[in-house]
Amino acid sequence: YTMAATRRFTETTYLTQDEKKERVEQMAKFTTPEMREKCWNARDQCFDCLDTTKDRRKCREVCNEFFSGKYCLQSWIRHFTSKRRYANAWDFYKKEQKPTAKGNES
């Protein structure tokens, strides 16, 4: 376990029933089709801006909609950014690899 996971577990362990219910209700609002659509749109606009301009300052306003948590759960934001980071690293890796000539392999 990481410290963050341990902290989240500890925080939820000592909540009252009313606090747990409130937390579930807050999370439930993000799982409606409308909110998922808003989350995905905010994510796509942010990532498209970052991919086209390569300047984070120019995308600050667009990306604040995504990273603010207004439309997405924080766990979704972490998931999407991690997935994007991995995809970008994989693309970079593939570009750096030089194709080997067939027949030269031993």
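Looking at residue 70, is it among the basic types (Lys, Arg), surrounded by 10 or more Cβ atoms within 10 Å (Cβ to Cβ) and at pLDDT 90 or above?
Answer is no for this residue.
Quick check on the stretch 73-87: of everything there that is farther than 17 Å from residue 26 by Cα and of a type in the set (Phe, Trp, Tyr), which residue is modelled with the highest pLDDT?
Residues of the stretch 73-87 farther than 17 Å from residue 26 by Cα: 78-87.
Among the residues that remain, those that are also of a type in the set (Phe, Trp, Tyr) are: 80, 86.
On the way: 80: 92, 86: 82.
If we take residues in the stretch 73-87 being farther than 17 Å from residue 26 by Cα and of a type in the set (Phe, Trp, Tyr), then 80 is modelled with the highest pLDDT.
Residues checked against (1) assigned to a helix (DSSP H, G or I); (2) open to solvent by 60 Å² or more (accessible area, probe 1.4 Å); (3) modelled with pLDDT of 90 or more:
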{"site": "26", "(1), (2), (3)": "yes, yes, no"}
{"site": "29", "(1), (2), (3)": "yes, yes, no"}
{"site": "35", "(1), (2), (3)": "yes, no, no"}
{"site": "38", "(1), (2), (3)": "yes, yes, yes"}
{"site": "42", "(1), (2), (3)": "yes, no, yes"}
{"site": "45", "(1), (2), (3)": "yes, yes, yes"}
{"site": "49", "(1), (2), (3)": "yes, no, yes"}
{"site": "55", "(1), (2), (3)": "no, no, no"}
{"site": "63", "(1), (2), (3)": "yes, no, yes"}
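The values are calculated or read from the model by the stated rules, or taken from the named source; none is laboratory data. None of these values were measured; they are calculated from a predicted model. Counting neighbours? That spans all protein chains shown, and the Cβs are built from the backbone with ideal geometry, glycine included. We work out accessible area using only protein heavy atoms, side chains counted, and drop any ligands, DNA or RNA first. Shrake-Rupley method; radii C 1.70, N 1.55, O 1.52, S 1.80 Å.
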